[in-house]
Amino acid sequence: MSDKYQQLRELLGEIFDLEAASAVLHWDQRTYMPPGGNSVRALQIATLKRLAHEKFTSDELGATLEAAKAEVSSLDPDSDEVRVVQKVERDFDRKRKVPTKWVSEFFRITALTEHAWVKARANADFAQFQPHLEEVVELRRQYIEFFAPYDHPYDPLLDYFEPGMKTSEVKAVFNELRPRQVDLVQDIAERGTPVDGSMLHQPFDEGKQWDFGVEVAKALGYDFERGRQDKTIHPFTIGFGVDDVRITTRFDPNYLGTALFGTMHEAGHAMYGQGVSPNLDRTNLIEGASLGIHESQSRMMENLVGRSRPFWVAFYPRLQEVFPSQLGEVDLESFYRAINKVERSLIRVEADEATYNLHIMLRFEIETALMEGKISVGELPEIWNSKMEEYLGILPPDDAKGVLQDVHWSSGYIGYFPTYALGNLMASQLWIKIEEDIPNLSRQIERGEFGDLLAWLRENIHQHGAKFEPMELLQRVTGSGLSAEPYMRYLRNKYTDIYKLS
Ligand code: ZN
């Protein structure tokens with residue numbers, strides 16, 4: 001009875017296998033591959049990506065999709081079958097617009113560019129990276145034209161990461177956020193009781209940092225039987241199926257926060273990947289609803305859980321046991337305030353919650369201007385630095401701590417950054433609902449118990465994968481659309497308490 005749907009699933013399975021194989025190569029490239037392997041690796045990834053693209057956009061898939069669509073039309077509109085067909089149809093229409101030749105060129109160039117970025121960043125030398133980035137931007141300009149007509153040239157890029165979202169909507173919500181975040185940061189600087197964060201900046205044994213991070217990730221619910229952790233320059237999560245979702249972490253031997261919060265962040269992503277319904281495995285629906293929704297999961301674990309007082313009621317005694325000489329004499333409240341210290345700092349991934357979105361807005365403004373053709377790649381370091389001064393009042397000492405700090409552009413991920421800020425907003429919206437549904441949540445977290453929280457996330461978010469578009473999912477779960485209000489209220493309350501602002 002469901003012949004055609006089964007045929008579609010078989011095709012999707014084969015495409016998924018090609019994508020997963022390419023992801024394994026990518027994971028290896030960023031973890032263990034010797035530098036010499038890079039040029040041939042770029043070709044290998046490009047070949048697999050091209051084959052996956054050819055299969056996904058084939059007439060065979062198109063015909064099977066049409067037949068499956070007819071076959072499942074009488075089923076529940078929220079069933080896996082109907083939603084898989086809808087998602088595949090959207091992706092089919094989108095991918096058919098992009099020529100296969102462009103796809104393999106894009107993945108070949110970005111694999112080389114990522115490698116160039118690693119070197120340029122190590123040398124803090126943007127000039128070395130510039131010609132590579134120019135190629136990527138040119139490819140992205142071509143990509144945009146495949147989707148003409150559009151309201152804004154940035155729309156097709158944004159839509160790739162955040163399906164359904166428009167540049168104008170992001171601009172509107174950022175315009176609402178920017179002055180309120182700038183105000184908050186200013187209030188803290190002018191009226192806040194100073195916070196001492198120095199105890200976090202001491203030598204911390206890397207092995208012990210690793211072990212404590214693993215302990216925390218396991219407690220949160222990250223399953224190491226279906227995952228693992230490795231070291232990289234830029235932390236990321238990558239999945240090859242619901243039963244193999246891996247994280248990477250970066251370690252700083254002289255600062256506790258990098259690995260600790262990085263691991264919790266990636267564990268949040270990975271738990272989403274591990275929580276997708278097995279019924280959706282070997283399809284493109286296991287990626288999750290969008291990067292914004294994904295980021296809501298990682299930022300929730302990193303911040304709403306990991307930078308909360310209840311969490312450290314549970315884990316601080318343990319952390320003191322691991323680092324007695326560094327933290328033995330530091331009380332819980334001082335530690336809690338230290339991990340939430342607001343600083344006008346250079347590095348996005350290490351930014352506190354009050355300044356984080358300002359880092360994102362800077363990147364969003366640069367990316368949109370770049371795509372509008374208002375600025376050129378060569379101007380990026382200068383524009384980056386002037387915006388850092390304007391929003392955060394600081395100037396990067398070199399490009400490694402400035403325009404070269406993120407891997408995204410080298411991977412061709414232009415349009416990606418706004419999803420981090422959207423994830424922050426969505427996490428706060430979800431949290432309100434979670435606290436309603438689990439009234440004693442804080443007490444559970446104080447006891448180091450995350451079972452109810454994980455079960456809630458599994459039920460409401462994780463299991464669905466990409467069955468629902470991000471705004472539909474948010475609406476279904478919270479009863480409202482995207483809003484900046486819960487996030488701003490959360491930040492205000494949290495920092496009023498920590499900095500004694502009232
Ligand atoms: Zn993330």
*asked:* What are the membrane-span-like helices in the chain by this rule: whole DSSP H runs, Cα extent along the axis at least 15 Å, mean Kyte-Doolittle hydropathy at least -0.5?
replied: 38-56, 59-72, 100-122, 126-146, 206-220, 257-275, 309-322, 353-371, 418-437
*Please compute the net charge surrounding ASP406, taking Lys and Arg as +1 and Asp and Glu as -1 over other residues with Cβ under 9 Å from its Cβ.*
+2
*Sort the following peptides by mean Cβ neighbour count (other Cβ atoms within 10 Å, averaged over residues), highest first: 265-273, 106-114.*
265-273, 106-114
*Shape of segment 3-149, Cα gyration tensor, a/c cut at 1.5*: prolate
_Cα gyration tensor shape of segment 167-499, rounded if a/c is under 1.5, else prolate or oblate by comparing a/b with b/c_ = rounded
_³J(HN,Hα) computed for each position of segment 236-242 - Karplus, 6.51 cos²θ - 1.76 cosθ + 1.60, integer Hz, glycine/proline x_ = 7, 10, 9, x, 10, x, 5
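Mind running the shape call on segment 142-279? Use the C-alpha gyration tensor, a ≥ b ≥ c as the square roots of the eigenvalues: rounded below 1.5 for a/c, prolate if a/b tops b/c, oblate otherwise.
On the way: a/c = 2.47, a/b = 1.17, b/c = 2.11.
Oblate, since a/c reaches 1.5 and b/c is not below a/b.
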_Neighbour-count ranking [beta-carbon atoms within 10 angstrom, fewest first] of ASP398, ASP76_ = ASP76, ASP398
*By the scheme Lys and Arg +1, Asp and Glu -1, what is the net charge of all other residues having a beta-carbon under 12 Å from that of HIS152?*
-4
*Once you list every other residue whose beta carbon is under 10 Å from the beta carbon of VAL72, what net charge do they have if Lys and Arg are +1 and Asp and Glu are -1?*
-1
*Mean residue ellipticity at 222 nm from the helices of the chain, using -39,500 (n - 2.57) per DSSP H segment of n ≥ 4 over the full residue count, to the nearest 500 deg cm²/dmol?*
-20500 deg cm²/dmol
*Dipole-positive endmost among GLN297, PHE92, GLY415 within the chain (Cβ charges, Cα centre)*: GLY415
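None of the figures in this text is laboratory data; all of them are computed from the coordinates on show. Note that the coordinates shown come from a computational prediction; the quantities given were computed from them, not determined experimentally. Don't worry about glycine lacking a Cβ; one is built from the backbone with ideal geometry, like all the others, and counts go over all protein chains shown.
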